[in-house]
1. Counting only C-alpha contacts under 8 Å and six or more residues apart, can you give the relative contact order of the chain as a whole percent?
2. If each residue of separation counts as 0.36 nm, what is the full-extension length gain between Asp43 and Asn247 once their alpha-carbon separation is subtracted?
3. Checking the table Lys80/Lys165; Lys60/Lys80; Lys60/Lys291; Lys165/Lys341; Lys277/Lys329 against a 24 Å threshold on Cα-Cα, which pairs fail?
4. For labels at Ala281 and Arg125 in the simple 7 Å Cα→Cβ model, what's the distance in nm?
5. Return a whole-number percent for the relative contact order of region 66-218, with Cα pairs under 8 Å and 6 or more residues apart as the contact set.
6. Choose one of Leu52, Ala67, Pro152: the residue whose Cα lies farthest towards the positive end of the charge dipole of region 51-191 (beta-carbon charges +1 Lys, Arg; -1 Asp, Glu; about the Cα centre).
7. Using a 7 Å offset from Cα along Cα-Cβ at Arg203, what residues in region 141-183 end up with backbone N under 16 Å from the label point?
8. Highest GNM mean-square fluctuation, the chain, Cα pairs closer than 10 Å: which of Ser232, Ser18, Ser59?
Amino acid sequence: MIQNLHLLVPSLFWPDTSLPEIYRDLPLPGLENLLAKSLCTEDQPQEIEAWLCRAFGVSKQRDWPVAPITLEGDGAGSLKARSDYWIRADPVHLRIERDQILLADSRVFRISTEEADQLTRLLNRHFEENGQEMVFVPLQPDRWYLRLTATPPAETHLLSEVANKGLGELLPFGTNNTVWRGLFNEIQMLLHEHPLNQSREARGEPAINGTWFWGGGIMPQSMASPYTHVWSNDVLAASLAMTSGANQIRLSPDAATWHQSAMPGNHLVVLDSLHGKAQYADAYGWRESLKELERSWFAPLWTMCGQGKFDQLTLTDTGGRNTQNFALKRGDPRKFWRRTKPLSSYVR
């Protein structure tokens, strides 16, 4: 028997609280029953990366040390973080809108391995010619890494914090932030004129005209998984599972398939299909993704709870004004006095 199931569902609630009509005509009986029968606790607002790091006992350095952790997964054994300082330098699309620079990440554009290699070769050649020890490593087309010989004194914002936002107040901050802001501008100018970007724009694709520095740090000395199994397509969740000794498995297409193959233990399932839709204000896409989660996951899991399949099911929503945790124990589905409410009533 599976003892405990923890669902991590970033952006379960639409972030714009001034749009209550987004919940209208959304049939979600499975989800609404799960929430109604649960006890809810609230925590500080946080992005998914911060929540995952905390869950696995990873402390914040200047940044949440996402880069050295995901490097272990992306490197596939060919490259190790060791004791070096690594920072992510992910390719982004920058555009000017209403007198501000907006950033888009790879959720809204595609970049091939060949394109990533071309652009990082340009950057590496430029900085080598200028005598700067900076080597960009594109371990995945949309995940680039930079190893630094000294810990940078500036701090950065998570990529998920800046996606589809103006960058005015979100550029690197702290001591020597001017160095990193200057580097940000220098890279933007280098990439802007590259023929590859001219070809992309001619095809109607967004230019890859910047990099976003984030998630810098040194590999944590230790981390511990509260889960025996982690089911996720998210690289950070998968890398945390791998480095902490938990079983890491690709996300199943639905709850029934997952339950058939799940072994006894404590399971984390990361359902992040809503997150990008919410970040980019795609209301239609968010509603459709929520309907699919209801069909594939929430409704079947509610049935399983009624059958006593879990000691406890916990559902966590991140990315809003507060982190909300809904905990449902084995006998809770029978508590008829906990009546279902519309999803909008849980918005904080």
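Values in this text are rule-based calculations from the coordinates and carry no lab data. Treat the numbers as computed from the prediction; the structure is a model and nothing was measured. Please note: Cβ atoms are built from the backbone with ideal geometry, for glycine as well, and neighbour counts cover all protein chains shown.
1. Details: 649 pairs, mean separation 124.2, N = 348.
Relative CO of the chain lands at 36 percent.
2. 70.7 nm
3. Values: Lys80/Lys165 33 Å; Lys60/Lys80 20 Å; Lys60/Lys291 35 Å; Lys165/Lys341 33 Å; Lys277/Lys329 31 Å.
In this structure, Lys80/Lys165; Lys60/Lys291; Lys165/Lys341; Lys277/Lys329 lie more than 24 Å apart at Cα.
4. With each label placed 7 Å out from Cα toward Cβ, I get 4.0 nm.
5. Working: 255 pairs, mean separation 53.5, N = 153.
That works out to 35 percent.
6. So the residue we want is Leu52.
7. It comes to 141-142, nothing else.
8. Sorting by GNM fluctuation, first place goes to Ser18.
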